[in-house]
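These notes concern the structure reproduced below.
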Amino acid sequence: TRERFEALNAGRVEAGEEPYANPRNTTAGTLKLQDPKLVAKRGLDNYVYGVQADTLPVRSQFELVELAGTWGFKVPPASKRFIERVDDLEGIMAFIDHWDRHRHALPMETDGVVIKVDDLDVQEELGNTAKSPRWAIAYKFQAEQALTRLHAVTFQVGRTGAVTPVAELEPVQLSGTTVKRATLFNADQLERLDLHVGDMVRVEKAGEIIPQVVGVDLDQRPESAVRVRYPEACPECGTPLVRLEGEAQHYCPNEHG
């Protein structure tokens, strides 16, 4: 869920680690972990949208999902339009439009919908490419952006000593929530954006979760705007920062604070 993912990222930021970019990649990485206790702590959940077997009692994707629910699997509730069977293109577009307007009310994040052929015999006839099935296609929603003013950039020092720049913003509504802060990740991102205090910046939620600054409206840059520079010393103790070869993050080497 959104709440669980935000809590997971809050713990990483507190530990001085970069937040996960999105739930999908985090889930994929979690499932590759060898320690089941660590996997359990991540709080993964799922809906079953399909079942594979040599022999199936029904020949409809929609009916198969319904049947999986009677077998004890957690399946998407049709009553909430998490899954829907339609007969034509108009039905497909109506489903897409519905979730494009209502997706931010979901307890989990979504960046699109998947459209599948319902007839399992037709699915088998269409087959698969090397990477994906020919009987399914994903429709991605356009990421929502908001324009707001950058008031300051603060530098957080995590428990591991990692220093992360954070944009302090004029509060703005984005994807159903009020955004006041956005991650800038590291010095490379700061340099790429060439941020100045007072800039009007474009904010986007990466994977519909993490607010991040993705651009600057240079036409609205104040003449008095001051360029943001990454510190050479730890903002908490003054120790010179270090950056290990091959890493994007700067660290404070002072183990005693």
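Per-residue answers, yes or no, for (1) closer than 19 Å to Glu236 by Cβ; (2) surrounded by 14 or more Cβ atoms within 10 Å (Cβ to Cβ); (3) β-branched (Val, Ile, Thr):
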residue	(1), (2), (3)
Asn128	no, no, no
Tyr139	no, yes, no
Leu150	no, yes, no
Thr154	yes, no, yes
Asp188	no, no, no
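Among the strands (runs of 3 or more DSSP E) contained in the stretch 108-220, which hold 2 or more residues that are without any contact (Cβ under 8 Å) to a residue 60 or more places away in the chain, in the same structural domain as Gly238 (by TED's automatic domain parsing) and among the basic types (Lys, Arg)? So the answer is 177-183. Exactly one residue among Pro171, Pro211 is under 27 Å from Arg103 (Cβ atoms), in contact with a Lys or Arg (Cβ under 6 Å, 6 or more places away or on another chain) and surrounded by 18 or more Cβ atoms within 10 Å (Cβ to Cβ), and that residue is Pro211. All of (1) closer than 30 Å to Gly198 by Cα; (2) at pLDDT 95 or above; (3) not hydrophobic (A, V, I, L, M, F, W, C) hold for Gln142 with one exception: (2).
If you go through the stretch 229-254 and keep only what is free of Cβ contacts under 8 Å to residues at least 40 places away in the same chain, part of a loop (DSSP other than H, G, I, E, B) and on the phi < 0 side of the Ramachandran plot, you end up with Arg229, Glu232, Cys237, Thr239, Leu244, Glu245, Glu247. A search for C-beta distances below 9 Å between a residue of the stretch 27-54 that is touching a residue at least 12 places away in the same chain (Cβ under 8 Å) and any residue that is assigned to a helix (DSSP H, G or I) and among the basic types (Lys, Arg), counting only pairs 6+ apart in sequence or on different chains, returns Arg42/Arg4; Gly43/Arg4; Leu44/Arg4; Asp45/Arg4.
The values are calculated or read from the model by the stated rules, or taken from the named source; none is laboratory data. Fair warning: this is a prediction, and the values are worked out from it, not measured in the lab. Here Cβ is always computed from backbone atoms with ideal geometry, including for glycine, and neighbour counts include all displayed protein chains.
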